[in-house]
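What follows is a set of notes on a single structure, which appears directly below.
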Amino acid sequence: MHKKAKRAFTLIEVMVAVMIISVVILALIEMFANNIHIFSGLKKQIHINPYSSFFISNPDYGLETKNAVLYDLVSDFKLEDDLQRELKNNKIEVVYQVVEQIDLSEYDNTNKDESKQSNGETAREVKSNVVFEIGKTVIKTKDASTALLRLRIKQ
């Protein structure tokens, strides 16, 4: 007579299953750690982004390097006490860097040989003394920083 064999997992099958589960758990832990790191950086960025709008609307800041206190920018407004305290304690460093300057006078038609058109008429000479300056304003706090691109037109 045949004896019925007991069906069970072998030791190797159990070890393979444990390895697969441990790899999946490690991947999940790594994803969780990456998300915590990304969200903590975003939290700092979200905290400073509203302050950058103060610099966009204020012509006295942003086109040169300065140190400031955020309260100086909004001192004309009536604010809640908690917000006033927070803004007085936030020291800001504004760093301005010129990225590129475009001088339109380089593109003037000042060469007389080139100013003649094909039909013999003289083209109108255009002279411009306008300079476009593209600059980057970096707003730094103790926790985070943000940057704005600015365009200044000099005449």
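Throughout, read-outs are computed from the coordinates displayed, never taken from laboratory work. The structure presented is a predicted model; accordingly, all values stated were derived computationally and were not measured. With ideal geometry, Cβ positions are generated from the backbone for all residues, glycine too; neighbour counts draw on all protein chains shown.
Going by average Cβ neighbours within 10 Å, how do the peptides 132-143, 95-106 rank, with the highest at the top?
Peptide ranking by packing, descending: 132-143, 95-106.
Length gain on complete extension for the stretch LEU26 to THR141, per 0.36 nm per residue less the alpha carbon to alpha carbon distance?
37.8 nm
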